[in-house]
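Student: What follows is a structure written as structure tokens; I'll ask about it next.
The values are calculated or read from the model by the stated rules, or taken from the named source; none is laboratory data. What you see is a predicted model, and the numbers here were worked out from it, not measured in a lab. All Cβ positions, even for glycine, are placed from backbone atoms using ideal geometry, and neighbour counts span all protein chains on display. What goes into the accessible areas is simple: the full protein's heavy atoms, side chains included, and nothing from ligands, DNA or RNA. Shrake-Rupley method; radii C 1.70, N 1.55, O 1.52, S 1.80 Å.
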Amino acid sequence: PASKGTKRKATDGIIGGGDTKRKRIQYSAQLMDILGYEHARVSGKRYEPGQQSLYSEDLEVMGWDFLLENVDMPEKDFERKLDRMIKTTDVIGKLDDEKRTKYQNSILEAQKLAYSKLYSPESTKSVGKTRSDGLRQRKKVEASKTDDDIKASKKVEQKTVEKKVDSEIVYEFGGPIGAASIMIISHLIMYYLWLAVSEHEGNLFIPSISDAYAIYEKCAPKADIWMKYLTFIFFQLVLGMALPGFEMKGLPIPSEGYKCLLYNCNGLGAWWLTLAAAIYLEYTNKAISSLSDRYGELMTVMIIFGNLVAVGIYLSGFILGRTYRMSGNHIYDFFMGSWLNPRIGDFDLKVW
């Protein structure tokens, strides 16, 4: 059997099995295969670039999760449970009567289709021929298409969809010019705010040459500041990778073949250990409060380190072949990200 979180054929554990428990759908990828959907959404079967969903994102997710959880229920039971769900959640308040009925029917039709494919006699149909001893010999019905034909057809269809999506470049945030402006201004505003507090008593001001000199004098980081910050980063890396926490899987990710990534949720424990370490360092040698006098240096180190990590992840996307839906403009692609879920093993680099 396929491991958890991986995409399996819709017929895995279905054809030839009489136990309904073996037929239960567990993953979105399985349900999408059975329904022929290209998107884990209840509003439509196919994905088109720029397509607007009929319902809000939370309703789409709510409907899909309900369908995935209850798809193996008999039709009448499913209909009653869906009706209760709609009446007891905020669906009623978010949709008018017409859209609510359409929303409900979309889920019902999808469940009916999936259930019929899973549990109809045809799904386990076999024909028999009588042997010489009078017993009926079971014979598997030949499929109209072989597994290789189906796989090839799906690959062609998937490539067609990907070409549709990739061929349409939709710029957000003002495109490359807007992205470049945001990146530049976000750096400058940090130093402006630092100058306002450090040199202008918290007042707004018009920058001058003296302000630039103050940045040069007080924000150029010394080696010890680099060492302290990198020690902090290494400490957080160790906590993120080694500290136990409850584990949970994220939603299926299209760019990862609908794989559900595993997350070790240990942030709360890491916070308390970091707080304890900070209190100890402050109590022993005032190591924390002394940083406030050199905040300009520390801020510069954080900006440089953040930029280096961003550049490293962007280039790694190309080196490892993990880029996804690139526009071809490096400024815009760097701003939006080339590798959507960068990781070192199970450690999520977005923590940094």
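Student: Take the Cα of Glu247, step 7 Å along the line toward its Cβ, and report every residue of the range 263-286 whose backbone nitrogen sits under 17 Å from that point.
Tutor: Counting backbone N atoms under 17 Å from the label point, the list is 263-267.
Student: Related question: Report the label-to-label distance for Lys286 and Trp226 in nanometres (one decimal), using points 7 Å from each Cα along the Cα→Cβ vector.
Tutor: Result for the modelled spin labels: 2.7 nm.
Student: Can you tell me, using C-alpha contacts under 8 Å and at least 6 residues apart, the relative contact order of the range 217-321 as a whole percent?
Tutor: 36 percent
Student: On a full-extension model of 0.36 nm per residue, what is the gain between Cys265 and Lys117, subtracting their alpha-carbon distance, rounded to one decimal in nm?
Tutor: 49.5 nm
Student: Another question about this same structure. At a 1.4 Å probe radius, which order do Cys260, Cys219 fall into by accessible area, largest first?
Tutor: Sorted descending by solvent-accessible area, the residues read Cys260, Cys219.
Student: Given the C-alpha atoms of the range 212-262, compute the convex hull and give its volume per residue in Å³.
Tutor: Here the figure is 154 Å³ per residue.
Student: Compute the distance in nm between two label points, each set 7 Å from the Cα along the Cα-to-Cβ direction, one at Ser181 and one at Phe235.
Tutor: Between Ser181 and Phe235, the simple spin-label model gives 4.0 nm.
Student: Let me cross-check Lys218: its accessible surface, 1.4 Å probe, with only protein heavy atoms counted, in Å² to the nearest 10?
Tutor: 100 Å²
Student: Also, I was wondering about something else. Taking θ as phi - 60°, what are the ³J(HN,Hα) couplings along the range 300-315 by the Karplus curve (6.51, -1.76, 1.60), each to the nearest whole Hz, with x for Gly and Pro?
Tutor: Here the 3J(HN,Hα) series is 4, 4, 5, 5, 5, 4, x, 5, 5, 5, 5, 5, x, 5, 4, 5 Hz.
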